[in-house]
Amino acid sequence: MAYRRKKVYVSEYKMQKMQKRLALIAVAAALLFLFFNKDGRQIINAYFAEKSLAIKIKEAQKENEALLDKLRLLENNPSYFEKIVRKELRVIGEGEIEYRFSIKN
């Protein structure tokens, strides 16, 4: 007498649910390993340090571009150059008279 095995069909929904559970368990195990392992903490710290350095690099690149734009304007635009010289160095033009007012209480 031979016994036959029953064929078990797992629905697609149950299969997806099991896959999600397995993925969640794998992620949880990886996180536990990283947080409770000395080397894992070093990896996490290095990751966050790299992210903060990447942000600083982007900020420095933006500042560099702004300074290069200002330099191009100073080299190629005489009116902009004159405006900056007057504003930052307080230079007056030839034949101009500077008036200074003092306020007394």
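The values are calculated or read from the model by the stated rules, or taken from the named source; none is laboratory data. Remember, it's a predicted structure, so these values are computed and weren't measured experimentally. When we count neighbours, we look across all protein chains shown, and the Cβ atoms used for this are built from the backbone with ideal geometry, even at glycine.
Tabulated data for the structure shown
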quantity: Pair list, Cβ < 8 Å and 6+ apart or interchain, from the range 24-44 residues that are surrounded by 10 or more Cβ atoms within 10 Å (Cβ to Cβ) to residues that are β-branched (Val, Ile, Thr); calculated: LEU34/ILE43; LEU34/ILE44; PHE35/ILE44
quantity: Matching option when the condition is among the acidic types (Asp, Glu) and at pLDDT below 90, among GLU65, GLU75, GLU50, GLU12; calculated: GLU12
quantity: TYR47 vs. criteria surrounded by fewer than 10 Cβ atoms within 10 Å (Cβ to Cβ) and either in a helix (DSSP H, G or I) or not basic (Lys, Arg) (or both); calculated: no
quantity: Filtered residue count, the range 63-86, keeping only those that are within 34 Å of the chain's Cα centre (by Cα) and surrounded by fewer than 10 Cβ atoms within 10 Å (Cβ to Cβ); calculated: 1
